[in-house]
Amino acid sequence: MRILMLGNSFTYFNNMPMILTALTGWTVVSHTRGGAYLSEHLDPQAEMGQITLPALANEKWDFVVLQEQSRAPYERREEFLASVRALCPLIRAAGATPLLYATWAYRDGTERLASTGLSYRAQLIALTEGYHMAARENDIPVAEVGQAFDAVSGLLSLYTEDDYHPSQVGSLLAAQVIAEKIRELSR
């Protein structure tokens with residue numbers, strides 16, 4: 001199984017793609033940059049586009065995992081939806097299945113979360129709605145990492161000290177949710 005992950009620091013923190021490889025034995029390649037938006041993967045002039053567009057055109061993938069900048073699914077929803085809409089045909093043309101990696105709300109009760117102007121629950125709902133809208137529009141599945149974070153947030157230490165990036169445990173949880181979704185889709 002060959003997996004391409006397009007995203008940013010929520011993907012690359014703790015080398016999550018290698019955690020996914022360790023859990024599954026799959027080949028996982030990631031194209032990431034801190035703060036990157038999915039739209040950058042479509043721009044042939046951008047660093048991300050210069051590696052992603054040829055990879056989609058010239059390589060064989062089974063799944064391509066799409067992870068948007070942490071606030072874009074609600075703050076820049078139209079751009080997010082347009083990026084997913086444009087990426088899906090390229091991914092399918094490469095013989096792959098697109099998969100959305102729905103991320104989590106920032107740690108509850110923190111200045112980082114307060115800077116969004118949303119409560120924890122409101123941010124989680126806004127993110128989930130954005131990812132689900134993209135999923136419906138493009139008939140693609142979602143790996144519900146944000147929902148998994150929410151389900152165990154009081155039990156596990158999922159965030160780094162900055163209150164929004166994943167801890168090692170958070171990255172492991174993300175990899176597990178993505179692996180399970182891909183296994184489910186591959187049955």
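Selection of region 140-158 for residues being in a loop (DSSP other than H, G, I, E, B) and among the small types (Gly, Ala, Ser) yields Ser153, Gly154, Ser157. Quick check on my filter: what residues within region 48-80 are assigned to a helix (DSSP H, G or I), crowded, with 17+ Cβ neighbours inside 10 Å and within 16 Å of the chain's Cα centre (by Cα)? Result: Met48, Thr52, Ala72, Pro73, Tyr74, Phe80.
For the condition surrounded by fewer than 22 Cβ atoms within 10 Å (Cβ to Cβ), in contact with a strand residue (DSSP E or B) (Cβ under 9 Å, 6 or more places away or on another chain) and of a type in the set (Gly, Ala, Ser), what is the one hit in Ala86, Ala96? Before you say what the answer is, go through the steps one by one.
Numbers: Ala86 fails: in contact with a strand residue (DSSP E or B) (Cβ under 9 Å, 6 or more places away or on another chain).
Going through Ala86, Ala96 in turn, just one is surrounded by fewer than 22 Cβ atoms within 10 Å (Cβ to Cβ), in contact with a strand residue (DSSP E or B) (Cβ under 9 Å, 6 or more places away or on another chain) and of a type in the set (Gly, Ala, Ser): Ala96.
The listed residues are Glu129, Glu180, Glu137, Glu161, and the only one of them that is of a type in the set (Asp, Glu) and not in a helix (DSSP H, G or I) turns out to be Glu161.
Filtering region 14-68 to residues that are in contact (Cβ under 8 Å) with a residue 24 or more places away in the chain and among the β-branched types (Val, Ile, Thr) leaves Ile19, Thr24, Thr27, Val28, Val29, Thr32, Thr52, Val64, Val65. Go through region 37-47 and report how many residues are outside any loop (DSSP other than H, G, I, E, B), within 17 Å of the chain's Cα centre (by Cα) and surrounded by fewer than 22 Cβ atoms within 10 Å (Cβ to Cβ). Residues that pass the stated criteria total 3. Looking across Leu124, Leu155, Leu113, Leu173, one residue alone is farther than 29 Å from Asp43 by Cβ, modelled with pLDDT under 95 and either of a type in the set (A, V, I, L, M) or surrounded by 15 or more Cβ atoms within 10 Å (Cβ to Cβ) (or both). It is Leu155. Residues in region 120-149 that are charged (D, E, K, R) and in contact (Cβ under 8 Å) with a residue 12 or more places away in the chain were compared, and the one that is nearest to Tyr101 (Cα to Cα) is Glu144.
The values are calculated or read from the model by the stated rules, or taken from the named source; none is laboratory data. Because the structure is a prediction, the values reported are computed rather than measured. Positions of Cβ are backbone-derived with ideal geometry, glycine not excepted, and every protein chain shown enters the neighbour counts.
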